[in-house]
Amino acid sequence: MRDDGKIDYVEFPVADLPAAKRFYGAAFGWTFQDWGPGYVSFDGAAVDGGFNGEAGPDKPLVILYAHDLEAMEAKVKGAGGVITREIQSFPGGRRFHFRDPAGNELGVWSES
């Protein structure tokens, strides 16, 4: 079961999705699910994750989980986080991004 505020997913930016799949599949035995031309999720890494071939952060993005996305967004703002990407939908859920006081960008997602 997914828990509020726990690390749930990690996303790696990549310029070449097929090359990333070949490398991580061969090196670590990960398996993959294509979600269109710019996104691939992976399995077998002890934490769920994906490769983002579309424009986004230029470093890995850690994504936390929230049962109530709007309530978690309010908590993040109340604690001093700055929203860098408003809530948006994607296949299977919704998410927002924020920057913490140290400048790290993270995401929070919720199932649809």
Selected residue (criterion: surrounded by the fewest Cβ atoms within 10 Å (Cβ to Cβ)) from residues of the stretch 40-58 that are over 17 Å from ALA15 (Cβ atoms) and among the acidic types (Asp, Glu): ASP43
Residue selected from the stretch 85-112 under the condition charged (D, E, K, R) and assigned to a strand (DSSP E or B), by the criterion nearest to the chain's Cα centre (by Cα): ARG95
Residue in the stretch 72-89 that is nearest to GLY49 (Cα to Cα), counting only those that are surrounded by 12 or more Cβ atoms within 10 Å (Cβ to Cβ) and out of contact with any Lys or Arg (no Cβ under 7 Å at 6 or more places or on another chain): ARG85
Within the stretch 1-58, tally of residues that are within 12 Å of the chain's Cα centre (by Cα) and not hydroxyl-bearing (Ser, Thr, Tyr): 16
Breaking point among (1) touching a residue at least 60 places away in the same chain (Cβ under 8 Å); (2) part of a loop (DSSP other than H, G, I, E, B); (3) of a type outside the set (S, T, N, Q); (4) under 18 Å from GLN88 (Cα atoms), for GLY5: (4)
Number of the condition not met by ASP58 [criteria: (1) without any contact (Cβ under 8 Å) to a residue 40 or more places away in the chain; (2) in contact with a strand residue (DSSP E or B) (Cβ under 8 Å, 6 or more places away or on another chain)]: (1)
Test: residue in the stretch 63-70 that is part of a helix (DSSP H, G or I), surrounded by 13 or more Cβ atoms within 10 Å (Cβ to Cβ) and not aromatic (Phe, Trp, Tyr): yes
Cross-chain or 6+ apart pairs with Cβ under 9 Å, the stretch 85-112 first and over 15 Å from PRO57 (Cβ atoms) and at pLDDT below 95, then of a type in the set (Lys, Arg) and in a strand (DSSP E or B): GLU111/ARG94; SER112/ARG94
Positions within the stretch 59-91 being over 18 Å from TYR9 (Cβ atoms) and either charged (D, E, K, R) or touching a Leu at 6+ places or on another chain (Cβ under 7 Å) (or both), in sequence order: GLU70, LYS75, LYS77, GLU86
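The values are calculated or read from the model by the stated rules, or taken from the named source; none is laboratory data. Computed from a prediction, not measured in an experiment: that's the story for all the values here. With ideal geometry, Cβ positions are generated from the backbone for all residues, glycine too; neighbour counts draw on all protein chains shown.
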